[in-house]
Amino acid sequence: MTMNNKMPKYINADELTEYLADDCFTWRWLNDDRADEVDSVIKAIAEMPAADVVEVKHGEWVGYNFDFYCSNCNRYHTVRSNFCPHCGADMRGEQNERK
Ligand SMILES: [Zn+2]
């Protein structure tokens, strides 16, 4: 484990495995020796324990004046808050996109 203050970047291991297995197929086909290395990486990813994370719900406020509803739970709220007070969805939109 790294001991710094940087937030860990959680990724979807299934998507990475799919990418390595499928999207890298052409590259693997070009170099058969590397195919074994890619398979080792896929195996290592499968063996890593899953991190304890909660999936973040995203939504947006739909409506105008004091009559907004959450696109995630469809419940009403009077202000465009950063998070839906009903379902907890993150309403910050593009500000919240992470790379
Ligand atoms: Zn909501």
> Of 43, 6, 57, how do they rank once you tally other Cβ atoms within 10 Å and put the fewest first?
Replying inline: 6, 43, 57
>> Calculate the FRET efficiency for residue 34 and residue 10 from the Cβ-Cβ distance with a Förster distance of 41 Å, rounded to the nearest 0.05.
In response: 0.90
> Once both labels are modelled 7 Å past Cα along the beta-carbon direction, what's the residue 52-residue 73 spacing in nm?
Replying inline: 2.4 nm
> Going by how many other Cβ atoms sit within 10 Å of their own, how do 91, 7 line up, fewest first?
Replying inline: 7, 91
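None of the figures in this text is laboratory data; all of them are computed from the coordinates on show. Predicted model, so just to flag it, every value in this text is computed and none were measured. FYI the Cβ positions are ideal-geometry reconstructions off the backbone, even for glycines, and counts take in every protein chain you see.
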